[in-house]
1. For the range 22-38, what are the residues that are charged (D, E, K, R) and within 18 Å of H70 (Cβ to Cβ)?
2. Among what's in the range 18-33 and is part of a helix (DSSP H, G or I) and among the charged types (D, E, K, R), pick the residue that is surrounded by the fewest Cβ atoms within 10 Å (Cβ to Cβ).
3. Would you please name the residue that is nearest to R25 (Cα to Cα), looking only at residues in the range 42-66 that are of a type in the set (A, V, I, L, M) and outside any loop (DSSP other than H, G, I, E, B)?
4. Report, by residue number, each residue of the range 40-56 that is without any contact (Cβ under 8 Å) to a residue 40 or more places away in the chain and surrounded by 14 or more Cβ atoms within 10 Å (Cβ to Cβ).
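Read the figures in this text as sums done on the coordinates, not as results from a lab. Keep in mind it's a predicted model, so treat the numbers as computed, not measured. Note: ideal-geometry Cβ built from the backbone for every residue, glycine included; neighbour counts use all protein chains shown.
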Amino acid sequence: MENQQEIVLSDCPIEALAEDLVSYRELADLLRTPINTLRGWVRRGQIPHYKNGGWVRFSKREILEWIERHRVKEVSYGNIRALR
């Protein structure tokens, strides 16, 4: 898959991630986003996540980096201000 950002847990040092991982519910609360929206992003490979069978977790650190990469920047065109 082209934009797939899924990482299989067996390929990662679990001990280093254990404190950082959050569930769908915890991430939904953090982002103030419905769980179904998060599930869609995971299904389409739009958000970084870890998966092992039916178990999905998110790294808070990676999510914060992902948010920063997708931040909309303000652009100014003379007297007109637009978001890009």
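1. Answer for the range 22-38, where residues must be charged (D, E, K, R) and within 18 Å of H70 (Cβ to Cβ): just R32.
2. Of everything passing the filter in the range 18-33, R25 is surrounded by the fewest Cβ atoms within 10 Å (Cβ to Cβ).
3. Of everything passing the filter in the range 42-66, V56 is nearest to R25 (Cα to Cα).
4. W41, V42, V56
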